[in-house]
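**Q** The structure under discussion is supplied below as C-alpha cells; questions concerning it will follow.
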Ligand SMILES: NC(=O)c1ccc[n+]([C@@H]2O[C@H](COP(=O)([O-])OP(=O)(O)OC[C@H]3O[C@@H](n4cnc5c(N)ncnc54)[C@H](OP(=O)(O)O)[C@@H]3O)[C@@H](O)[C@H]2O)c1
C-alpha cells in the first residue's frame, strides 16, 4: 500500500480502500464530521444500524457531491435484528436511511443475539442465508461478519455456500487476536481492525511511544501502519481534520520485521472488555 487511494482485494474480487473512516460516535455533532472526513480523503465509511448515524452519513455524502460509486459504504445488522425476517427488514431500513440502493459491504455485527439465546447457531445460520440472498440479488457487493472467532465462522461454513469476505474485529497493539487473524487468513477472509488505536488506550504504552519516536511518527500512525503491515484494514475514527489527515499519513515509513514481532508479542493491553461469548468486562 502506497496511499489511501490503494485497495485490498476481497475474496470475490471487489476492491476495498485500504483505510476506512470509523463513524461510531463520530456524528455526535451532526453530519459535519463525516463531511470533513470525506473532504480529507476518506472514501470508505464504516457505519452500523447500532450507531444510529446512517441519516447523518447520507446527508454528508449528499453535501460532499462525491459520486456514490466512488464511495465504499458499509453497514451492519444489529444483534436484535438477527434471523431471516429481522435481517431483511434491518437491511432495507439501513438503505432507506443511507439513501442508497446498494451497500458495498454488509456485516453481521456480532455472532449471537445475546448469551442467553440457546439456539444462536440456528439464528446465525438464518441471518447468513439472508446475507447470501442479498449478495446474489446484487444488493450488496460483498457480505461479511464482525466479532467472529473461528468457532462462529465454522457455523457458517457448515451450513452455507458463501464464504464471508471480511471479519471486522478489535485489533490493535496489545490485542491482536492472533488465532482468529491467522484462521481468517487461511480462509481468505480479510480482517479489519476496529479500534485500531485501542480507542486511545494504547497510545501511551511504553513500546508504542518508543517505536513512534524511533520512526518519527505519532503513536496513532504507528498503530495504523502496524495494522496495514499485518494485512489488516484499519478503521480509525477521529474528530478533527488534523487527526483525520494524520491517520492517513502512514505511507512514508516501514516498521522493521523485528519491531513488528515486538508489537505482536507485547503483553495484553487496551482490550475493550468485549467478547462475543462473555459478559462485557468493565475496567
Ligand atoms: N464492529 C464492531 O463491533 C466495532 C466496535 C467498535 C468500533 N467499530 C468501528 O471501528 C471504528 C474505530 O474504532 P473506535 O472509534 O472504537 O476507536 P479508535 O479509532 O481506535 O480510536 C478513536 C479515538 O482515538 C482518538 N484519535 C483519533 N486519531 C487520533 C490521533 N491521531 N491521535 C490521538 N488520538 C486520536 C479519537 O479522538 P477524537 O475523536 O477526539 O479525534 C477517539 O477518541 C469505529 O468508529 C467503528 O466504525 C466497530
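**Q** Within segment 194-205, identify whether any single residue is farther than 22 Å from residue 149 by Cα and more than 12 Å from the ligand (Cβ to nearest atom), and answer yes or no. Please lay out each step first, then the result.
**A** Of all residues in segment 194-205, those farther than 22 Å from residue 149 by Cα come to 200-205.
From what's left, more than 12 Å from the ligand (Cβ to nearest atom): 205.
Yes: segment 194-205 contains one or more residues that are farther than 22 Å from residue 149 by Cα and more than 12 Å from the ligand (Cβ to nearest atom).
**Q** Is it fair to say residue 95 is touching a strand residue (DSSP E or B) at 6+ places or on another chain (Cβ under 8 Å), over 30 Å from residue 260 (Cα atoms), assigned to a helix (DSSP H, G or I) and away from the ligand (no atom under 14 Å from the Cβ)?
**A** Judged against the criteria, residue 95 is a match.
**Q** So which residues in segment 248-275 are closer than 17 Å to residue 229 by Cα and either within 12 Å of the ligand (Cβ to nearest atom) or not in a loop (DSSP other than H, G, I, E, B) (or both)?
**A** Start the filter on segment 248-275 by keeping residues that are closer than 17 Å to residue 229 by Cα, which leaves 248-266.
248, 249, 250, 257, 258, 259, 260, 261, 262, 263, 264, listed by residue number.
**Q** Would you mention how many residues in segment 209-247 are within 14 Å of residue 173 (Cα to Cα), in a helix (DSSP H, G or I) and within 8 Å of the ligand (Cβ to nearest atom)?
**A** Count: 4.
For every residue, the table says whether it meets (1) in contact with a strand residue (DSSP E or B) (Cβ under 8 Å, 6 or more places away or on another chain); (2) in contact (Cβ under 8 Å) with a residue 60 or more places away in the chain.
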residue	(1), (2)
217	no, no
229	no, no
232	yes, yes
245	no, yes
262	no, no
275	no, no
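**Q** How about segment 4-24: which of its residues are more than 20 Å from residue 41 (Cα to Cα) and within 16 Å of the ligand (Cβ to nearest atom)?
**A** Result: no residue meets the conditions.
**Q** Let me ask something additional. Output the residues belonging to segment 26-43 that are modelled with pLDDT of 95 or more and in a loop (DSSP other than H, G, I, E, B).
**A** Across segment 26-43, the qualifying residues are 40, 41, 42, 43.
**Q** Are any of the residues in segment 175-189 more than 24 Å from residue 72 (Cα to Cα) and within 12 Å of the ligand (Cβ to nearest atom)? Explain how you work it out, then say what you get.
**A** The first filter runs over segment 175-189 and keeps only residues more than 24 Å from residue 72 (Cα to Cα), leaving 175-180, 182-183, 186.
Applying the additional criterion that residues be within 12 Å of the ligand (Cβ to nearest atom) yields 175.
Within segment 175-189, one or more residues are more than 24 Å from residue 72 (Cα to Cα) and within 12 Å of the ligand (Cβ to nearest atom).
The values are calculated or read from the model by the stated rules, or taken from the named source; none is laboratory data. From a predicted model like this one, the values you see are computed outputs, not experimental measurements. Cβ: placed from backbone, ideal geometry, glycine included. Neighbour counts: every protein chain shown.
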